[in-house]
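My questions will all concern the structure given below.
The values are calculated or read from the model by the stated rules, or taken from the named source; none is laboratory data. Every value quoted in this text rests on a predicted model; they were computed, and no experiment measured them. Please note: Cβ atoms are built from the backbone with ideal geometry, for glycine as well, and neighbour counts cover all protein chains shown. Surface areas here come from the heavy atoms of the whole protein model, side chains and all, with no ligands, DNA or RNA. Shrake-Rupley method; radii C 1.70, N 1.55, O 1.52, S 1.80 Å.
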Amino acid sequence: MTEPMRTKITLDESELPTQWYNLLADLPTPPPPVLHPGTLQPIGPDDLAPLFPMALIGQEVTGDQFVDIPGAVLDVYRLWRPSPLYRAHRLEKALDTPARIYYKYEGVSPAGSHKPNTAVPQAYYNAQAGIRRLTTETGAGQWGTALAFACAQFGLDCEVWQVRASYDQKPYRKIMIETFGGVVHPSPSDLTEAGRKILAEHPDSTGSLGIAISEAVEVAAQNADTNYSLGSVLNHVLLHQTVIGEEALLQLAKVGETPDLIVGCTGGGSNFAGLMFPFLREKLAGRQSPVIRAVEPAACPSLTRGVYAYDFGDTVGMTPLIKMHTLGHDFVPDPIHAGGLRYHGMSPLISHLYEQQLMEAVAKQQRECFAAGVQFARTEGIVPAPEPTHALAAAIEEALRCKESGEAKVILTALCGHGHLDLPAYDAYLSGQMEDRALDDAAITEAMEHLPPVPVA
Ligand SMILES: Cc1ncc(COP(=O)(O)O)c(C=O)c1O
């Protein structure tokens with residue numbers, strides 16, 4: 001009898017990693033500092049204290065290679081972690097490729113994506129610091145759901161500004177956030193100065209992550225019992241997500257594989273970083289040699305068409321200045337269906353790696369991505385969230401290249417969420433109503449004109 005095909009590679013709860021991995025400790029050169037917008041000097045912990053608890057500020061800058069995951073966080077992680085790693089046998093067969101495709105599935109979490117990996121520790125550290133309420137933005141609705149869930153675990157209130165395009169496309173996300181006890185506002189809203197300013201200029205604004213961040217930051221900054229929580233971009237968020245890659249390393253080792261290619265979608269960069277940072281550590285140490293490839297939407301191509309410059313993290317200009325790949329803080333992308341990828345910037349750590357040529361990036365139009373999502377659903381049985389269809393499109397592209405070349409590459413991808421609440425997007429694709437629109441240079445150039453004037457060091 002032949003061995004049955006191994007499909008799921010699982011870990012026991014006792015194998016759940018107990019530390020997050022901090023890539024900053026192993027980088028050949030550190031990324032540039034975050035600057036105060038007034039003084040243009042590097043910011044210190046006190047500048048961030050109105051928004052974040054000291055534990056998270058410490059994690060933002062720590063040089064420790066590993067950070068212990070608190071026991072109370074591990075207890076919540078055990079609701080869904082360790083998450084499964086799958087071998088995509090059926091997709092490989094449909095593609096007739098010699099490549100071996102593995103996907104790390106984060107859709108098993110309470111929110112349906114990777115986002116609770118950081119929402120839970122963020123709520124935990126804020127509760128420890130005596131904070132009563134967290135505010136945040138959400139694009140896909142996944143992050144707002146994750147934070148509402150995490151706040152419910154630690155007895156915090158949660159207030160979410162949901163990007164207008166997503167609020168209208170995804171009513172069920174709002175209901176899920178409310179079910180977890182959160183409060184949801186469409187953004188731009190008339191509840192904040194930032195929202196009113198945008199609405200005065202653009203009454204029909206579809207919103208953007210940058211605008212929603214301005215609103216949530218404003219409310220947190222004005223209330224002592226309230227902090228702000230960010231679902232991507234910052235170092236501590238990427239740190240928390242490394243639990244994904246640490247598990248994947250163990251899982252691939254169980255089947256004796258090392259990846260030739262790691263591919264993931266990037267909005268602010270957190271799911272991709274979470275999967276690939278532990279593998280990059282292995283690469284920097286000379287133990288593995290994967291190619292690392294980010295996939296972004298052609299409608300919001302911060303890595304492939306943006307500039308590497310200091311910019312605000314939000315639209316209105318309330319955050320510190322971050323050196324990152326950016327399309328300009330007031331760039332408003334087309335309302336594509338992958339709402340979580342509509343961010344004007346990119347995590348400073350991912351931007352730095354891209355500059356250092358430690359990773360590469362490609363951009364894809366949404367119809368190619370949804371075609372990949374549908375093929376994946378029909379073969380593997382999981383309807384992916386619109387965001388990771390970008391990663392799947394690139395994984396399929398590589399697997400078809402392998403078919404041509406005959407190479408049996410090992411491809412590892414981040415299936416960072418399911419699309420059960422994104423079905424209208426699939427409906428638009430299946431009924432032929434989804435459009436691909438070219439992004440002209442003029443829209444990018446115009447937003448670049450508003451970059452803050454920071455002298456080049
Ligand atoms: C399912 C899903 N994937 C990806 C992203 C993009 O964020 P990041 O690049 O931080 O993983 C989001 C963001 O909302 C998301 O909800």
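Quick check on segment 66-88. Is at least one of its residues of a type outside the set (Lys, Arg) and at pLDDT below 95?
No, that holds for no residue.
Further, regarding this structure: For ALA216, only one of the following conditions fails: (1) under 26 Å from HIS337 (Cα atoms); (2) of a type outside the set (Asp, Glu); (3) surrounded by fewer than 21 Cβ atoms within 10 Å (Cβ to Cβ). What is its number?
(3)
Of the residues in segment 61-73, how many are surrounded by fewer than 18 Cβ atoms within 10 Å (Cβ to Cβ) and either in a helix (DSSP H, G or I) or in contact with a strand residue (DSSP E or B) (Cβ under 9 Å, 6 or more places away or on another chain) (or both)?
If we filter segment 61-73 for residues that are surrounded by fewer than 18 Cβ atoms within 10 Å (Cβ to Cβ), which is where we start, we get 61-66, 68, 70-72.
Adding the requirement that they be either in a helix (DSSP H, G or I) or in contact with a strand residue (DSSP E or B) (Cβ under 9 Å, 6 or more places away or on another chain) (or both) leaves 61, 65-66, 68, 71-72.
So the answer is 6.
All but one of (1) open to solvent by 50 Å² or more (accessible area, probe 1.4 Å); (2) within 30 Å of GLU106 (Cβ to Cβ); (3) not β-branched (Val, Ile, Thr) hold for ALA224; which doesn't?
So the condition that ALA224 fails would be (2).
Here's another thing I want to ask about it. Given the criterion out of contact with any Gly (no Cβ under 7 Å at 6 or more places or on another chain) and within 22 Å of GLU60 (Cα to Cα), identify the matching residue among LEU238, LEU234, LEU209.
Exactly one of LEU238, LEU234, LEU209 is out of contact with any Gly (no Cβ under 7 Å at 6 or more places or on another chain) and within 22 Å of GLU60 (Cα to Cα), namely LEU234.
Determine the pairs where a residue that is more than 18 Å from TYR21 (Cα to Cα), located within segment 264-275, has a partner that is of a type in the set (Gly, Ala, Ser) and modelled with pLDDT under 95 with Cβ atoms under 6 Å apart, the partner being 6 or more residues away or on another chain.
GLY267/GLY340
Pairs needed: first member in segment 82-106, farther than 12 Å from ILE9 by Cβ; second member anywhere, within 16 Å of the ligand (Cβ to nearest atom) and β-branched (Val, Ile, Thr); C-beta distance under 8 Å; at least 6 residues apart or different chains.
Note: pairs meeting the criteria are ILE101/THR413; GLU106/ILE244.
Do we have any residue at all in segment 298-311 that's buried (at least 23 other Cβ atoms within 10 Å of the Cβ), small (Gly, Ala, Ser) and more than 19 Å from the chain's Cα centre (by Cα)?
Among the residues of segment 298-311, not one is buried (at least 23 other Cβ atoms within 10 Å of the Cβ), small (Gly, Ala, Ser) and more than 19 Å from the chain's Cα centre (by Cα), which makes the answer no.
Moving on to the next point. Would you confirm whether or not segment 226-237 contains a residue that is more than 13 Å from the ligand (Cβ to nearest atom), over 22 Å from the mean Cα position of the chain (by Cα) and either under 25 Å from LEU147 (Cα atoms) or in a helix (DSSP H, G or I) (or both)?
Among the residues of segment 226-237, at least one is more than 13 Å from the ligand (Cβ to nearest atom), over 22 Å from the mean Cα position of the chain (by Cα) and either under 25 Å from LEU147 (Cα atoms) or in a helix (DSSP H, G or I) (or both), which makes the answer yes.
Restrict the check to segment 128-144 and report whether at least one residue is part of a loop (DSSP other than H, G, I, E, B), more than 20 Å from ILE211 (Cα to Cα), charged (D, E, K, R) and open to solvent by 10 Å² or more (accessible area, probe 1.4 Å).
There is at least one residue in segment 128-144 that is part of a loop (DSSP other than H, G, I, E, B), more than 20 Å from ILE211 (Cα to Cα), charged (D, E, K, R) and open to solvent by 10 Å² or more (accessible area, probe 1.4 Å).
Mind checking whether some residue in segment 93-101 is within 21 Å of the chain's Cα centre (by Cα), β-branched (Val, Ile, Thr), surrounded by 19 or more Cβ atoms within 10 Å (Cβ to Cβ) and modelled with pLDDT of 95 or more? Write out each step before concluding.
So the first thing to find is which residues in segment 93-101 are within 21 Å of the chain's Cα centre (by Cα), and the list is none.
No - not one qualifying residue is present in segment 93-101.
Now for a separate question. Can you name every residue in segment 153-180 that is open to solvent by 60 Å² or more (accessible area, probe 1.4 Å), in a helix (DSSP H, G or I) and not basic (Lys, Arg)?
Listed by number, the residues that qualify are GLN153, ASP168, PRO171, TYR172, ILE175, GLU178, THR179.
Just give me the residues in segment 92-127 being part of a helix (DSSP H, G or I) and within 16 Å of the ligand (Cβ to nearest atom), in sequence order. Can you show your working first?
At the first step, the residues of segment 92-127 found to be part of a helix (DSSP H, G or I) are 92-95, 116-127.
Hits for segment 92-127 are PRO116, ASN117, THR118, ALA119, VAL120, PRO121, GLN122.
In addition: Within segment 342-442, which helices (runs of 4 or more DSSP H) (wholly inside it) include 2 or more residues that are closer than 29 Å to GLN288 by Cβ, open to solvent by 10 Å² or more (accessible area, probe 1.4 Å) and within 16 Å of the ligand (Cβ to nearest atom)? Give the derivation first.
Working: elements: 348-355, 366-380, 386-405, 423-430.
Fully inside segment 342-442 and qualifying: 348-355.
Confirm whether ALA299 is over 19 Å from GLN142 (Cα atoms) and touching a Ser or Thr at 6+ places or on another chain (Cβ under 6 Å).
Numbers: over 19 Å from GLN142 (Cα atoms): yes; touching a Ser or Thr at 6+ places or on another chain (Cβ under 6 Å): no.
Judged against the criteria, ALA299 is not a match.
Evaluate segment 189-199: report whether one residue or more is within 16 Å of the ligand (Cβ to nearest atom), more than 19 Å from GLU60 (Cα to Cα) and open to solvent by 10 Å² or more (accessible area, probe 1.4 Å).
No, there is no match, as no residue in segment 189-199 is within 16 Å of the ligand (Cβ to nearest atom), more than 19 Å from GLU60 (Cα to Cα) and open to solvent by 10 Å² or more (accessible area, probe 1.4 Å).
Still on this structure: So, of the residues in segment 253-273 that are part of a helix (DSSP H, G or I) and not basic (Lys, Arg), which turns out to be surrounded by the most Cβ atoms within 10 Å (Cβ to Cβ)?
So the residue we want is PHE272.
Quick check on PRO84: is it under 22 Å from the mean Cα position of the chain (by Cα) and either open to solvent by 40 Å² or more (accessible area, probe 1.4 Å) or away from the ligand (no atom under 14 Å from the Cβ) (or both)? So that I can check it myself, show each step before the final result.
Values: under 22 Å from the mean Cα position of the chain (by Cα): yes; either open to solvent by 40 Å² or more (accessible area, probe 1.4 Å) or away from the ligand (no atom under 14 Å from the Cβ) (or both): yes.
Against the criterion (under 22 Å from the mean Cα position of the chain (by Cα) and either open to solvent by 40 Å² or more (accessible area, probe 1.4 Å) or away from the ligand (no atom under 14 Å from the Cβ) (or both)), PRO84 qualifies.
So which of MET324, MET276, MET318 is modelled with pLDDT under 95 and either within 14 Å of the ligand (Cβ to nearest atom) or open to solvent by 30 Å² or more (accessible area, probe 1.4 Å) (or both)?
One residue alone meets the criteria, MET318.
Tally the residues that are out of contact with any helix residue (DSSP H, G or I) (no Cβ under 9 Å at 6 or more places or on another chain), assigned to a loop (DSSP other than H, G, I, E, B) and loosely packed, with under 15 Cβ neighbours inside 10 Å, restricting the search to segment 13-43.
Result for segment 13-43: 4.
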